[in-house]
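**Q** Sharing a structure here in structure tokens format.
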Amino acid sequence: MKPKISFILLLGLIIVLGLSACSASLAGDITPPPGAESVAPPTEFEVLEGEYPANAPDAVAGQATFVEKCAPCHGVTGLGDGPDADKLPVQVPAIGTFDVSMMASPIEWFSMVTLGNLNSFMPPFSGSLDEQDRWDVLSYIYGFSLDESILTDGENVYLENCSACHGVEGRGDGPDSDDAADFTDAEKMVNISAVEIVQFTAPGMGPEWHAIEDLNMDQYFTVAGYIQSLVFTPSFENTAIDIPQGTDSEEPVIEDSAADDPVTEEPLNENGIETMTLSGMIFSGHNVELPEDLTVQLLGFDHFEQNLDVSTEINEDGSFVFEDIEVISGMVIFANVEFGGATYGSDFVQLEPGVGDTEVSITIFETTTDKSNLIADRLHIFFVFDTPDIVQVVQVWLLSNIGDKTITPISETEPVLLFDLPHGAQNLVFENDELGAGRFIQTDEGFGDLQPILPGQGGAQVVYAFEMPYDKDLTISQNFDIPIDDLVMFIPSNDIEIKTDNIVELGIQDLNGLQFRSYGVDQQTGSLEVSLKGSHPSNPSGIDFDNNSQSLIIGIVGFSVVVIGVVIWWRRKSSDYEYDEDVYEEDSASIVDEIIALDKSFENGDIDEEDYQTKRQILKEKLQVALDEEN
């Protein structure tokens, strides 16, 4: 049986200028090499400053929080295997393993729990958990990775090598102390990861005067784990979770100190559920006359489930109203309308008790089949040699419509975009789509894309791959339908020589252990001819993937450009394996969650407005595709 290729799009992975390595701050088994500088692993999310536990974190108290908030995705032992994990378009980090926890400082994880992280589809919990709850659940999580064997071995190493200066209890009060660090000082220790502790103690990594000789690498990491436990004391009696069942205990009586304060009561329906009204207005970019029978659709999602789908016609003035919407905490609603062959949507509204009536707007645009205002902001091409005698070519396009009209296809057989494939290309696959399934159609030279492109920067993205036979040399020729601002190519092996006109070598990228050589091409319009020469690499990645590996996440860093899209993929080594693609397809509910997380990141000042608008437009396009497929 022929193996399939699985794609996942991860938006907004990293924003950099110049050449840079990707972060692995919350994932990956990365042991710092000798001579590494004592610096923190780079992060891709905002890290709070000045935060630390005012009271000692309580792992026992954190268990209940973990069961309710974390276990559905991360699993009961933190291995990333919770019941909701396969609904996400990314692999959930195994936070319960020391290989993962050692990479991040406690403040980084606290920041992640507090603010969320769009890149990893992590929601924020600052609204539902107070500060102490968040520190408590982190202490419980550390109990998975800092198990008894690590702490026992680490304590023995500590007492023999560290206690003379830092004290038996780690308070910096040992007999040989000369202003030694206090490892129980939470304000300082939350900023230090286990990897940084190792970097400061292992010979050749940190200061020579502080190096501990004659330990193996396991001992350096076990003592680092033990030092972390002096602030985050795990509870081994509670690391095996039993999901709590309901009890018959009496509910506590809570005195309402604000009983006399005036309270605005929200309307309730006949079932006693709070309701709200969503009203809105449709605006047009060119004073387009709205059809009288234009219908607005209101959709709602509660976590991963769609639970609302109602429609109404607009009024003469372009307004619309949806009444008696049940307020379900955490539910997200938004309105959209189809006009001129394209779909336009409102902002998202997250429902919480007391949300009250809300207003939204939808802007529609005149349509055109003229694509002179369509440009490719960037094209990334990856050459992957994972199959003998085959090179897989992955192409990621980020497109912008710089005009003020929505570009639509001329007809069902005349698409918006035409993509040329080289002679000999085979096994064409798309990210979350199939040829002939709706969006993409076959043409004589390759394929076409029927999806309308709304005005805006980065309003569309196309991800696809094809295979070419490879026997020591290959020339790939393609014609391009639109101008390209930036073209970057990546190849993961020194065994292959790559040539094309106007090529500039950008350097080596170490992307999660996979070495990529990157090249920029001064390419504007016309065609591209690339020559590859050299023996097919026998093991280009140098990584041994076991049978449980689902995919290899490849973070792509461009040269002096903002990398918005990145392909996540991996082909199984066994020829008889077939992917369950349902696990990896993004549904509308998960995309809605991404947009909410993006909105919150922007509100918190985590990303600038231009990047925010670009990512949001891409997500809205992806959402519409998902809704069309589901309907």
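The values are calculated or read from the model by the stated rules, or taken from the named source; none is laboratory data. These numbers were taken from a predicted model, which means no experiment stands behind them. Here Cβ is always computed from backbone atoms with ideal geometry, including for glycine, and neighbour counts include all displayed protein chains.
**Q** Among the residues of region 52-75, is any of a type outside the set (Lys, Arg), modelled with pLDDT of 50 or more, touching a Gly at 6+ places or on another chain (Cβ under 8 Å) and part of a loop (DSSP other than H, G, I, E, B)?
**A** Yes; the residues of region 52-75 include at least one that is of a type outside the set (Lys, Arg), modelled with pLDDT of 50 or more, touching a Gly at 6+ places or on another chain (Cβ under 8 Å) and part of a loop (DSSP other than H, G, I, E, B).
**Q** Do we have Phe183 as assigned by TED's automatic domain parsing to the domain that holds Asp153, part of a loop (DSSP other than H, G, I, E, B), within 22 Å of Asn156 (Cα to Cα) and at pLDDT 60 or above here?
**A** Yes, satisfied.
**Q** Kindly provide the set of residues from region 408-441 that are under 15 Å from Val463 (Cα atoms) and of a type outside the set (A, V, I, L, M, F, W, C), ordered by number.
**A** Selection gives Asp420, Asn427, Glu431, Asn432, Asp433, Glu434, Arg439.
**Q** Ok, one more. Kindly indicate whether any position in region 452-471 is at pLDDT 90 or above, crowded, with 20+ Cβ neighbours inside 10 Å and over 23 Å from Gln392 (Cα atoms).
**A** yes
**Q** Among the listed residues Ala335, Ala342, which satisfies the condition of being surrounded by fewer than 20 Cβ atoms within 10 Å (Cβ to Cβ), under 30 Å from Ser411 (Cβ atoms) and in contact (Cβ under 8 Å) with a residue 40 or more places away in the chain? Talk me through it step by step, then tell me what you get.
**A** Details: Ala335 fails: surrounded by fewer than 20 Cβ atoms within 10 Å (Cβ to Cβ).
Within the list Ala335, Ala342, the selection yields Ala342.
**Q** Can you give me the number of residues within region 161-201 that are touching a Lys or Arg at 6+ places or on another chain (Cβ under 7 Å) and either buried (at least 20 other Cβ atoms within 10 Å of the Cβ) or closer than 17 Å to Ala211 by Cα (or both)?
**A** Here the count works out to 0.
**Q** Looking at region 376-389 only, could you name the residues that are crowded, with 18+ Cβ neighbours inside 10 Å and not acidic (Asp, Glu)?
**A** Ala376, Arg378, Leu379, His380, Ile381, Phe382, Phe383, Val384, Phe385
**Q** Next question, about the same structure. Select from region 419-445 the residues that are assigned to a strand (DSSP E or B), at pLDDT 90 or above and crowded, with 19+ Cβ neighbours inside 10 Å and list them in ascending order.
**A** Within region 419-445, Phe419, Phe440 meet the criteria.
**Q** For region 76-90, give me the residue count where each residue is modelled with pLDDT under 85 and either over 22 Å from the mean Cα position of the chain (by Cα) or hydrophobic (A, V, I, L, M, F, W, C) (or both).
**A** Result for region 76-90: 3.
**Q** Restricting to region 95-112, give me the number of residues that are modelled with pLDDT of 85 or more, out of contact with any Cys (no Cβ under 9 Å at 6 or more places or on another chain) and of a type in the set (A, V, I, L, M).
**A** Counting residues in region 95-112 that are modelled with pLDDT of 85 or more, out of contact with any Cys (no Cβ under 9 Å at 6 or more places or on another chain) and of a type in the set (A, V, I, L, M) gives 2.
**Q** Test Glu274 against the criterion of being modelled with pLDDT of 80 or more and closer than 30 Å to Ser346 by Cα, and give yes or no.
**A** Working: modelled with pLDDT of 80 or more: yes; closer than 30 Å to Ser346 by Cα: yes.
Spelling it out, Glu274 is indeed modelled with pLDDT of 80 or more and closer than 30 Å to Ser346 by Cα.
**Q** A follow-up question, please. Please state which of the following conditions Ile482 fails to meet, knowing it meets all the rest: (1) out of contact with any Gly (no Cβ under 8 Å at 6 or more places or on another chain); (2) assigned to a strand (DSSP E or B).
**A** So Ile482 meets the others, but not (2).
**Q** Would you mind finding the one in Ser120, Ser126 that is surrounded by 19 or more Cβ atoms within 10 Å (Cβ to Cβ), among the hydroxyl-bearing types (Ser, Thr, Tyr) and modelled with pLDDT under 85?
**A** One residue alone meets the criteria, Ser120.
**Q** Which condition number in (1) farther than 12 Å from Ile141 by Cα; (2) free of Cβ contacts under 8 Å to residues at least 24 places away in the same chain is the one that Leu88 fails?
**A** Every listed condition holds for Leu88 apart from (2).
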